[in-house]
Amino acid sequence: MAHGNAPGDYSTDVFASYATQFIDSTPADTPLFMMFTPLAPHAPFKPAPIDVGTVPFAYPNAPDINEKDMSDKPAWMQSAPTIDRRTITSRTARQKETLRAVDRAVGQIMTALGPRVSRTLFVFTSDNGLMLGSHRQFGKGLPHARSSEVPLIMRW
């Protein structure tokens, strides 16, 4: 099925619909495995239309964001310019806005499971962290906590 750019075509919402259809089509006494992997919160950090503007721009209050003293970092990092505050706040807000659709999708999946939800193992994780201005860097390929630590939450 083809999808476009209409609000109803937002990929996280489309995937959530497919997930609930899969659950609904599986008999309640049949075990099932489902892996739900929305693009959100990955770049380009495009939230669902209803979520645009729902997270305020706030500069992260952490000493590693646009770090002033880079003397303990490699030369290539020391020479990195600071990142514009508006870029950091905008990207952070947009990324959080994409997660609102993920939250709704998880709720829809749990609702679709009905009574099965009490005997379902949920594993929430991510593929990587993101620097988001930490040590004057964006991205995910560095051996620093913000890009290498990922959440792992399990619910039984």
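The values are calculated or read from the model by the stated rules, or taken from the named source; none is laboratory data. Because the structure is predicted, anything quoted here is derived from the model rather than measured. No Cβ is skipped: glycine too gets one built from the backbone with ideal geometry, and neighbour counts run over all protein chains shown. Calculation scope for accessible area: heavy atoms of the full protein, side chains included, ligands and nucleic acids excluded. Shrake-Rupley method; radii C 1.70, N 1.55, O 1.52, S 1.80 Å.
Residue by residue through the stretch 8-50, note down the ones that are of a type in the set (Gly, Ala, Ser) and over 11 Å from the mean Cα position of the chain (by Cα).
Those that are of a type in the set (Gly, Ala, Ser) and over 11 Å from the mean Cα position of the chain (by Cα): 8, 11, 16, 17, 19, 25, 28, 48.
Would it be correct to say that residue 9 is charged (D, E, K, R), open to solvent by 30 Å² or more (accessible area, probe 1.4 Å) and modelled with pLDDT of 95 or more?
no
Determine which member of the set 115, 151 is open to solvent by 30 Å² or more (accessible area, probe 1.4 Å) and either of a type in the set (Ser, Thr, Tyr) or in contact (Cβ under 8 Å) with a residue 40 or more places away in the chain (or both).
115
Restricting the search to the stretch 32-70, which residues are open to solvent by 40 Å² or more (accessible area, probe 1.4 Å), among the aromatic types (Phe, Trp, Tyr) and under 26 Å from residue 123 (Cβ atoms)?
33, 36
Among the candidates 40, 6, 19, which residue alone is of a type in the set (A, V, I, L, M) and in contact with a Leu (Cβ under 7 Å, 6 or more places away or on another chain)?
Among 40, 6, 19, only 40 is of a type in the set (A, V, I, L, M) and in contact with a Leu (Cβ under 7 Å, 6 or more places away or on another chain).
Quick check on residue 125: is it in contact (Cβ under 8 Å) with a residue 12 or more places away in the chain, of a type in the set (Ser, Thr, Tyr), open to solvent by 80 Å² or more (accessible area, probe 1.4 Å) and touching a Lys or Arg at 6+ places or on another chain (Cβ under 9 Å)?
Considered against the rule, which asks whether it is in contact (Cβ under 8 Å) with a residue 12 or more places away in the chain, of a type in the set (Ser, Thr, Tyr), open to solvent by 80 Å² or more (accessible area, probe 1.4 Å) and touching a Lys or Arg at 6+ places or on another chain (Cβ under 9 Å), residue 125 comes out as no.
Where in the stretch 42-156 are there helices (runs of 4 or more DSSP H), lying fully within it, with 3 or more residues that are aliphatic (A, V, I, L, M)?
The helices (runs of 4 or more DSSP H) meeting that bar are 85-113.
List the pairs whose first member sits in the stretch 71-87 and is farther than 18 Å from residue 60 by Cβ and at pLDDT 95 or above, whose second member is in a helix (DSSP H, G or I) and not aromatic (Phe, Trp, Tyr), and whose Cβ atoms are under 8 Å apart, counting only residues at least 6 apart or on separate chains?
Final answer for the pair search is 71/78.
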